Structure formats: structure tokens, C-alpha cells
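A short write-up of the structure that comes next.
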Amino acid sequence: MKEQYRNNKVIRILHIGMHDKIGGVETYIMNYYRNIDKNRFQFDFISSFPRLCFEDEINELGGKVYHVISEKKNPIKYYKSLAKIMKNYDIVHINMLSSANVLPVMAAKKARVKNVIVHSHNANTPNGLLRKFLDHENRNYLRNNSTVTNYWACSKKAGLWMFGKEICESESFSIIPNAVDASKFKFDQACRNEIRNKYNLNEKFVIGHVGRFSYQKNHEFLIEMFYRFQKENENAILMLIGDGELKEDILDTVNRMNINNKVIFVGNTNVVYKYLNAFDVFVLPSRFEGLPVVGVEAQMVGVPCLFSKEITTEVDIRGNSVFLDLNYEQWLNALTKLYNKLGDETKVKTKNDLKDYNIKNAVKNLENKYLALTDFDESMEGYDVH
């Protein structure tokens, strides 16, 4: 396989870490995959799910999806399957939310992969006692492993959390921005009108949230905060985009509080940009994040953003986001200030060259990083890898 791709001048990168549901990691990978030069690069994927998120699109883009048994069902078979697949690749890109599962790194060692990238997408351990225990136990293994050639992260905070200060100050560490398509995520009055008309939101103050219904996203705080806010502001609406394991619990809470007529559950959607245009404010009271892609998207559109202080300020690409403690009074005060400006022009004109967060710019940087890892000299013609 390697010789075949060498002759075709195509570098294939094997990705691990995508799930069957849309989330930040999945959005990040697909943003880059859609925009990367597929005459030079291709992404392939290993999945332990029956069907991978975006699998149809991956196939259309020329990628391959390998389906293997879940590590939870049979870790030994999972490990052997990974090693068998990995031996055909010079670059393996392992996307991680924690250090709980290091079997892909172990498999890469067995397969003698030349370049192993471990990519941190989080800044704290997802919920679950077993996961937290495994993350703690595996952290040193991950940090002191000669198999790992490159340590990447979505933010400095995510890098420090998973890899530690020594690695983050080394040449093997890089920050890869969670870049987005700036041509899509920009303020569009037509999109705003479309969504607000669809849900009868004219003259409403729309508080928007995009995120998986999980412990990390802190929907419990969000619902209680909105409950208090809407008692004083009757035209307030909360719009929730996403799905997840805690959705039914949140639905029950909303019904119990008798605010089901003011909370809209949209579910998953592939037109998030339209909904962001309809928001009057975007809120993200997460317990922890690496660097939320949707936070970048909301700022590209120009929506005022309120983030919890648990989220790295690296996400503040415009320099005007507000970071708050997980304290109801602070959030209510911040929302009230924005509510009092209802009807004013609060959108910021989108700049399509916002630093490194425009995917058109960021993808070139990623291409150069992949090229620097290869020995495919003929593939590097016309590329600056320095």
C-alpha cells in the first residue's frame, strides 16, 4: 500500500477518534478533510462503531473506513486489528478526549508506525469513574512514549492538561486551530429570517446553545439560569441544538419547570450556521472544554458570546467575548445587559481572515505539517514545509 501511494503522490493519513455522533472532534476533522488538497492527501479512518459519523461523505471524498470490534467488547482483538491496519500507514493521527484509551498508541508501536500524532481535544476528563481512573493511570505512559512523535492540541490549555509543560515547550508540540469555513459562518440576514420565522421568534430574545447533552456541557446550569431569566423577561426563548445521553433528563427538567413552551429542542442539524444567525446571544456554560469549535463559529457569525471561565480564553478570537464564573447572578446580569440592547445592531461584521481560524488558511498549515513528517520527497514539490 505504501508503495502504491508513493507512486500516486498521495499521502494517506489514518485517523482514529471519530465517533458515530457529531461533536467537536468530528467537526474539526471534517472541516480539515473537506478542504485539504485531496490530490496530495487522503484521510482514512478506524471506527469501533457500526457506522461512523459522516461515513457516507468520507466515502464520497475518497476516504476508507475500517470497522473493528470495540475495545470495550474485546480489547485484545481491538488492539490486534488496529496494529494490522496501521502497518500500512506512515502517519497515524490519534484524536483523544482523554488518556483513558492508549491501545491505539500501543498498536502503533507494534505496527512500527513512523509518525504517530497524539492530538488532545479536551482540557479535563469526561465523566465516569473508570474513565477518570484510566486517564490518571495512563497519563505518564502517554507523555513518556517514544512511539509518539508529535503532540498536537486544539489549545495550549488542552495541551498542558494532557501532555504537561515539558512537552508543550518542546519542538514536538503544535497547536492546530479548530478552524471553520469563514465563507459559511458569517452573518446572513436571510438565514436569520428563515429560522426566526420557522419558529415564530420575531420580537423574541433568543438565547442559543449548541452542544451534546452531556455532563461536560452543563445543561443543568443552563436550564436553571434560563428559568430564572425568563421569569423577569417574558419574551426570552432558549434554543438547544444537539443530542446526547442526558437529553431525556433535560426534557424532564424543562417539563417539570413548566417552561417547555419557551425551550426549543432542535436536535442535530447540518445547518448550524443558520441557527447561529438566529441567536441574539450564544451561551456555553461548560464545565470544561479544549477549545470549542462552535465558539469559533458563533464569533465568525458575529453573535455575542458568553463562556464559562472553565473555557480557555484562547477561544476569544475577536477579543470581545465575556467569560463568567458558574454563578447564576453573573450570567443573569450579562444576559440582562444584552437583553436591554434588543433591537440594536449587535452583530459584528465578519472578517474572513480571522487569524488562523479560517479553514482556507489553516488547512495549508496542516498540509505542511503532514508533509514535514513524510519521506515522500516527490510529493513535496511546490510546498514550503518550514
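The values are calculated or read from the model by the stated rules, or taken from the named source; none is laboratory data. Everything quoted here is computed from the prediction, not taken from an experiment. Here the Cβ positions follow ideal geometry from the backbone for every residue, glycine too, while neighbour counts run over all protein chains shown. Protein only, heavy atoms only, side chains kept; ligands, DNA and RNA dropped before computing areas. Shrake-Rupley method; radii C 1.70, N 1.55, O 1.52, S 1.80 Å.
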Worksheet item: Between rounded, prolate and oblate, where does the range 71-156 land on the alpha carbon gyration tensor, with a ≥ b ≥ c its root eigenvalues, rounded for a/c under 1.5, else prolate if a/b exceeds b/c?
Response: oblate
Discussion item. At 10 °C and a viscosity of 1.306 mPa s, what translational diffusion coefficient does Stokes-Einstein give for the range 131-235, taking Rh as the Kirkwood radius over Cα pairs? Give it in µm²/s as a whole number.
Written reply: 86 µm²/s
Worksheet item: Under a GNM of the chain (C-alpha, springs under 10 Å), which listed residue has the highest mean-square fluctuation: VAL68, VAL294, VAL281?
Response: VAL68
Worksheet entry | Karplus-derived HN-Hα couplings along the range 282-291 (A = 6.51, B = -1.76, C = 1.60, θ = phi - 60°), whole Hz, x at Gly and Pro | 10, 10, 9, x, 5, 6, 6, 8, x, 7
Item to complete: Describe numerically, in nm with one decimal, the distance between label points set 7 Å from Cα along Cα→Cβ at ASN268 and at SER174.
Response: 2.9 nm
Worksheet item: What percent does the relative contact order of the chain come to when contacts are Cα pairs within less than 8 Å and at least six residues apart?
Response: 15 percent
Item to complete: Would you list which aspartates and glutamates come within 20 Å of LYS114, measuring only between C-alpha atoms, while excluding same-chain residues fewer than 8 positions from it?
Response: GLU3, ASP44, ASP90, GLU171, GLU367, ASP375, ASP377, GLU378
Practice prompt. At a temperature of 25 °C and a viscosity of 0.890 mPa s, determine how fast the range 190-267 diffuses translationally according to Stokes-Einstein, using the Kirkwood radius over alpha-carbon pairs as Rh; express D in µm²/s, rounded to the nearest whole number.
Written response: 190 µm²/s
Worksheet item: For the chain, which whole-number percentage of the solvent-accessible area (1.4 Å probe, protein heavy atoms only) is attributable to carbon and sulfur atoms?
Response: 45 percent
Worksheet, complete the sentence: Here, ARG143 and ASN365, labelled 7 Å along Cα→Cβ, have an inter-label distance in nm of 2.5 nm
Discussion item. Please list, ordered by chain and number, the residues whose modelled amide H lies under 5 Å from the amide H of VAL65; skip anything fewer than 5 residues away on the same chain.
Written reply: PHE45
Item to complete: Please list the radius of gyration and Dmax for the chain, considering alpha-carbon atoms only, with Å as the unit.
Response: 21.6, 67
Response to the item:
For ASN202 and ASN261, extending 7 Å from Cα along the Cα-Cβ vector and measuring point to point gives, in nm, a value of 2.0 nm
Discussion item. Using 10 Å bins from zero, what percent of all Cα-Cα pairs in the range 193-238 falls into each bin?
Written reply: 24, 44, 30, 2
Discussion item. Apply the Karplus curve 6.51 cos²θ - 1.76 cosθ + 1.60, θ = phi - 60°, to the phi angles in the range 17-27 and return the couplings in whole Hz, x for Gly and Pro.
Written reply: x, 7, 10, 8, 10, 6, x, x, 5, 5, 5
Worksheet entry | Backbone HN-Hα couplings from phi across the range 62-73 [Karplus 6.51/-1.76/1.60, Hz, Gly and Pro as x] | x, x, 10, 10, 9, 9, 10, 5, 5, 5, 6, 7
Worksheet entry | Residues in the range 317-334 reached by a label modelled at ASN340 [backbone nitrogen below 13 Å; 7 Å Cα→Cβ] | 333-334
Worksheet item: Out of residues 5 or more away from GLY290 or on other chains, whose amide H comes under 5 Å of its own, with H placed 1.01 Å from N in the peptide plane?
Response: ALA123
Item to complete: Please report how far the C-alpha centroid of the range 269-322 lies from that of the range 250-266, rounded to the nearest whole angstrom.
Response: 23 Å
Worksheet item: How much length, in nm to one decimal, is gained on full extension between GLU234 and ASP325, taken as 0.36 nm per residue of separation minus their Cα-Cα distance?
Response: 30.3 nm
Worksheet item: Per the helix-only calculation at 222 nm, which mean residue ellipticity applies to the chain, given -39500 (n - 2.57) for every DSSP H run of n ≥ 4 and division by its residues, nearest 500 deg cm²/dmol?
Response: -11500 deg cm²/dmol
Worksheet item: Which value, in Å² and to the nearest 10, is the accessible area of GLU137 when all protein chains are kept and the probe is 1.4 Å?
Response: 100 Å²
Worksheet entry | Nonlocal amide H pairs with ASN145, under 5 Å, H built at 1.01 Å | none
Worksheet entry | About the Cα centre, charge dipole magnitude for the chain (Lys/Arg +1, Asp/Glu -1 at Cβ), debye | 680 debye
Practice prompt. Using all C-alpha to C-alpha distances in the range 8-81, build P(r) with 10 Å bins and read off the rounded percent in each one.
Written response: 19, 51, 26, 5
Worksheet item: What pairs from LYS204/LYS262; LYS87/LYS109; LYS165/LYS360; LYS231/LYS262; LYS184/LYS360; LYS9/LYS364 go past 21 Å between their alpha carbons?
Response: LYS165/LYS360
